[in-house]
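Novice: Once you've had a glance at the structure underneath, I'll fire off some questions.
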Amino acid sequence: MTNHWNDIPNADVILIMGANPASNHPASFGHIMDGLDQGTTLIVVDPRFTRSATLADIYAPLRPGTDIAFLGGMIRYVMADMEQNLDNYNLTYITEYTNAAFL
């Protein structure tokens, strides 16, 4: 994570992968709860059904060892959608602050 905790409630979607902040970091999960109150979508990707997963809008129980394939699929989905709906993304951020400009 590179943003400040105070930015979390302003997110449209929060992805928790392989972690359980509801149990392991309750202070950070308070910010996630603030986001959920404002309509943020919570996605939890973990083989274990955790306390964080109980509040998730989408719970994706992966088999252990398949997380890299899942992330590759997420990146492929975003890149394919980006080609069709350029106004859904901050193209300046993508081209100047990520390696997407080299793809």
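Novice: Kindly list, by first and then second residue, each pair from a residue in segment 49-72 that is over 17 Å from Ile32 (Cβ atoms) and in contact (Cβ under 8 Å) with a residue 40 or more places away in the chain to a residue that is outside any strand (DSSP E or B) and among the small types (Gly, Ala, Ser), limited to pairs with Cβ atoms under 8 Å and residues at least 6 apart or on different chains.
Specialist: If the second residue must be outside any strand (DSSP E or B) and among the small types (Gly, Ala, Ser), the pairs left are Asp67/Gly18.
Novice: Now for a different question. So if I check each of Thr40, Thr66, Thr54, which one is modelled with pLDDT of 90 or more and farther than 24 Å from Val78 by Cβ?
Specialist: Step by step, each of Thr40, Thr66, Thr54 is checked, and only Thr54 is modelled with pLDDT of 90 or more and farther than 24 Å from Val78 by Cβ.
The values are calculated or read from the model by the stated rules, or taken from the named source; none is laboratory data. Predicted model, so just to flag it, every value in this text is computed and none were measured. Here Cβ is always computed from backbone atoms with ideal geometry, including for glycine, and neighbour counts include all displayed protein chains.
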